[in-house]
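Heads up, the thing below is written out as structure tokens.
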Amino acid sequence: MQKTQLVSGLRVTISAVLCRLKIPAALLGDLSENDCIEVAQPPDVAPEIELKVNGKLFARATLLEQEGTRLVRITELVSKPAQGGFQKWRLVKNAMQQV
Amino acid sequence: MSTDNSEKIEKYDLWRPVVRPERRDTLESLHQSVGLSWSQSFLENFGRTITVVCGTSSFEPFQRLCEAEHESAEIAGFVFERAQASGLLLVSRQLIHNLVDLHLGGEARPAEKEATPLTPLETGLAREASTALLDTLSQSYMANGLGQLRVNVRGNHLPDLGVFDLEDYVVSFRYTLSGAGVAGYIVVALSTTVANAVASLAAPARASAQQKRLRSQVAMLPVATEILLGTWAVPIHELTELRPGDTFALPGADEGVLMTGGGRLMSLKIDFEPRLVKLWAQRRFKE
């Protein structure tokens, strides 16, 4: 099996994020069953969501509903990675032989 | 000796009432918690984080308050049903405009140079906003043994209301608001007899008043959360083939998760309506 096949067979986790909210700590602590948070949406527009791979934004999409099934339609692939948050790292090959 | 730069020395009024320190602490603590309650009700009503902080308190003749608050505002005068005392709530013109904007589903607009008169609809909403603030205030006063508030007069200019005489001393609390583009302030002024009506704090409670205030402020700190509709694993080659216009199904018809700090906090049921999304809290995760 070629290396490219191996890599392309790896699985990554996609997450669909509807929105981000800033909620006071006290309210989060008190949140209990059947409490309702209402989030304003522009009228006559399908809700927009973000698709993230391993926590990094890679696409924007709209949310649709068809016969009770929730569908996601990609509207834009985000080529520019999310700002900041990367850790520095280095690669040491055959580290055991250098000891 | 020159007196040009010296501070103005004021005559002490012999009839000036005295508010004892422990009563003053109680009143201040009570009004700090009112600010917190208003912040919470703004969040519940508008879904926005608007922080209300009781910035200053003062004890001065009503005339001074009239001089400081000479601009038109939404004012309600009230009496306490149980205590022999009266008070007023003043909401600044700018804040009223901002609250009306939020009630109408818009964004809070910055102040205009010239005062724009409110339309009849906006006037109704302004009255409603003032009433909502009064309700919260009333609940706090009731919890502290002052009884319910009864609004007996409304107006736009302090001296016209007749709640206090100009020489009456009043205890006033000034709240500033921040967040969600909202500007302006709220003033609560009370007759000094209110100070005698509130139950005084016990000594240990006084010592912890500062801590309570700090805890209240920490409790209002905003926490970043995400509403997650679902997660699933895909091979990298499928990911690289995705293009705009591609459509795929999401697992779970109306379920979501409230995430904070990378962890799951609560499961949600999600209803999509024309102008809003409703997130119904379901089960709290133990992890």
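Just so you know, all these numbers are worked out from the coordinates, no wet-lab data involved. Note that the coordinates shown come from a computational prediction; the quantities given were computed from them, not determined experimentally. Virtual Cβ from ideal backbone geometry, glycine too; neighbours counted across all protein chains shown.
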* Structure fact -> At R0 = 22 Å the Cβ-Cβ FRET efficiency linking B:D165 and B:F59, nearest 0.05, sits at 0.85
* Structure fact -> Computed from the beta carbon distance with a Förster radius of 22 Å, FRET efficiency for B:F285 and B:T231 to the nearest 0.05 stands at 0.95
* Structure fact -> Protection proxy (average C-beta count within 10 Å per residue), highest first, orders B:212-224, B:69-81 as B:69-81, B:212-224
* Asked: Label points 7 Å out from Cα along the Cβ direction at B:T193 and B:E241: separation in nm?
  -> 8.2
* Asked: What nm distance separates the two modelled labels at B:L221 and B:Q84, each placed 7 Å from Cα along Cα→Cβ?
  -> 4.7
* Which whole-Hz couplings ³J(HN,Hα) result when phi for each residue of segment A:37-49 is put into the Karplus expression 6.51 cos²θ - 1.76 cosθ + 1.60, θ = phi - 60°, listed in order with x for Gly and Pro? -> 9, 9, 10, 5, 10, x, x, 6, 10, 5, x, 8, 10
* To do: Work out which helices of chain B, taken as complete DSSP H runs, extend at least 18 Å along their axis over the Cα atoms and score a mean Kyte-Doolittle of 0.0 or more, then list them.
  => B:120-143
* How would you classify segment B:135-186 from its alpha-carbon gyration tensor, with a ≥ b ≥ c the square roots of the eigenvalues: rounded for a/c under 1.5, else prolate if a/b is greater than b/c, otherwise oblate? -> oblate
* Structure fact -> Where a ≥ b ≥ c are root eigenvalues of the Cα gyration tensor, a/c under 1.5 meaning rounded, otherwise prolate if a/b exceeds b/c and oblate otherwise, segment B:141-278 counts as prolate
* **Residue (of B:T49, B:A85, B:V151) at the positive-pole extreme of chain B, dipole from beta-carbon charges** => B:A85
* Most fluctuating residue of B:P120, B:P159, B:P244 in a GNM of chain B with Cα springs under 10 Å: which is it? -> B:P244
* Asked: Say each of B:A132 and B:Q211 gets a label point 7 Å from the Cα, pointing the same way as Cα to Cβ; how far apart are those two points in nm?
  -> 3.5
* List, in order, the whole-Hz ³J(HN,Hα) value for each residue of segment B:147-162 obtained from phi through the Karplus relation with A = 6.51, B = -1.76, C = 1.60 and θ = phi - 60°; use x for Gly and Pro. => x, 7, 8, 10, 6, 10, 7, 10, x, 10, 10, 3, x, 6, 6, x
* Asked: Taking a ≥ b ≥ c as the square roots of the eigenvalues of the Cα gyration tensor of segment B:234-287, is the shape rounded (a/c under 1.5), prolate (a/b larger than b/c) or oblate?
  -> oblate
* **Shielding by partners - mean other protein chain Cβ count within 10 Å, residues of B:233-240** => 5
* Under unit Cβ charges (Lys, Arg +1; Asp, Glu -1), what dipole magnitude, rounded to 20 debye, does segment B:24-158 have relative to its Cα centre? -> 220
* Structure fact -> Taking every residue of B:34-41, the Cβ atoms of other protein chains inside 10 Å of its Cβ average out to 1
* Structure fact -> Inter-chain shielding metric for B:217-229, i.e. average beta-carbon neighbours from other chains within 10 angstrom, reads 6
* A:V78's amide H: which non-local residues (gap 5+, or another chain) put their own amide H closer than 5 Å, with H modeled 1.01 Å from N in plane and none for Pro or chain starts? -> A:A59, A:R60
* Structure fact -> Sorted by chain and then number, the residues having a modelled amide H within less than 5 Å of the amide H of B:A85, at least 5 places away or on another chain, are B:F80
